[in-house]
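What follows is a set of notes on a single structure, which appears directly below.
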Amino acid sequence: MKIALYALGSRGDIEPYIALGVGLARAGHDVRIVTHQNYGTMVKAHGLGFFSVRGDVQEAANSPEMKALLEKGNFIQITRHTSAMAAQAALQWAEDGLAGCQGVDLIVAGIGGLFSALALAEKLNVPLLQAYLIPFHPTAEFPGVLLPDAVGRLGGSFNRLSHQFTRQMIWQGAVSADRAARQQVLDLPTLPRMGVYKHPRLHGLPILYGISPAIIPKPADWGANIHMTGYWFVDPASAWTPPPSLIEFLDEKPKPLYVGFGSMSNRQPEQTADLVVRALEKSGQRAVLLSGWGGLHKTDLPDSVYMLESIPHGWLFPRVAAVVHHGGAGTSAAGFRAGVPTLITPFFADQPFWGSRAAALGVGLPPIPRKTLTVENLAHAFDRLANDHTMRTRAAALGERIRAEDGVTAAVRLIDSLEL
């Protein structure tokens, strides 16, 4: 079967689909990834076909406007900004997506690119398989991932409504871009402003969640067609090797922490890095810092800190004492799998949700939002992460359980069973 995985977003949003693609290719399928131009090298390194959609997602994340919005952490304002950017790129994405999905038998997509993939599936008359990395279907068991935990205190009915609100908010942010693509490129009828989730191509096939049931047990009110397969992890490409100096740093005592904010850029990366370094000194801890897409930057580092731009989380996280990060779904999964304690410093979107899950499971501290981070509260968190033995034991047990799962194989088995 020829399969296109249509995935847009940050690196953490894309890597699970690469992992799924590798599993599908090993099972004999012809697999291509349709994604941002930034990820071509990574996709090709894993032996998969690559089709680019135009636009530099890292450049967009590092724009002054986005940096300012990420610092505020207001999801509605961020959604308005990203919606305006998506509307500008919609025609190019439709053209590129149409080229990338020509001749396939199946399109796979999650929240990143869902509506574009739906339009492409409709245009090309091929099935669309939904494959998500965050909870997206209504349930009474917990609130929508974009809303505060406190909503859950209002009961199951409010939880279900919060999911409906979340889904509708995401669609409203995409509707203008979707209409432009349908009308000007794909020659398709536009979708109802309120009714996209009733589209027949979003029903009939299994729905996959690349999430471990150890983190979120499948809600009892989800249908039998929804499957929690376990996480989809991608291993480092065979040609990758770590810097020798990093190996030396990791071998020194005490075992370092990891601190990085991934694709979350900000206007003051030097000040943020300085805050982290001062907290490390106050707590007596060492750390590996990842600059990512501009969230951290500092040149005059002490010997207790090692900074680099990028490294596979699956390789690094098991080698550190704990992980401190922004709480993206992919990074959170890697931390849970490594079996080390977690502190999430969320910026927006689903990040507070994963921070709350870590704390509720006893494998992490309550999240500290980026805008409330101080030297004092971060130093206290560093000390607890390194020395709370109960938390460390729970994290290790959770990691062992997740490592025993094989989410990719489970997902591939379900896709293999499709009768298209």
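The values are calculated or read from the model by the stated rules, or taken from the named source; none is laboratory data. Being a predicted model, the structure only gives us computed values, none of them experimental. Note that we place each Cβ from the backbone using ideal geometry, even for glycine, and neighbour counts take in every protein chain shown.
Tabulated data for the structure shown
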read-out: Hey, Ala396 within 21 Å of Gly12 (Cβ to Cβ), touching a Gly at 6+ places or on another chain (Cβ under 8 Å) and not basic (Lys, Arg) or not; value: no
read-out: Unique match (being closer than 26 Å to Gly330 by Cα and not small (Gly, Ala, Ser)) among Thr190, Thr139; value: Thr139
read-out: Scan of the stretch 2-43 for residues that are at pLDDT below 95 and basic (Lys, Arg), ordered by number; value: Arg11
read-out: Check on Ala287, over 30 Å from Ile415 (Cβ atoms), among the small types (Gly, Ala, Ser), at pLDDT 95 or above and buried (at least 17 other Cβ atoms within 10 Å of the Cβ); value: yes
read-out: Extreme residue, farthest from Ala117 (Cα to Cα), among residues of the stretch 168-186 that are in contact with a Ser or Thr (Cβ under 6 Å, 6 or more places away or on another chain) and crowded, with 19+ Cβ neighbours inside 10 Å; value: Gly173
read-out: Qualifying position, being surrounded by fewer than 19 Cβ atoms within 10 Å (Cβ to Cβ) and β-branched (Val, Ile, Thr), among Val108, Val151, Val104; value: Val151
read-out: Restricting the stretch 306-317 to residues that are under 21 Å from Met42 (Cβ atoms) and either surrounded by 19 or more Cβ atoms within 10 Å (Cβ to Cβ) or more than 17 Å from the chain's Cα centre (by Cα) (or both), the residue that is modelled with the lowest pLDDT; value: Glu309
read-out: Residue match in the stretch 298-305 (condition: hydroxyl-bearing (Ser, Thr, Tyr) and modelled with pLDDT of 95 or more); value: no
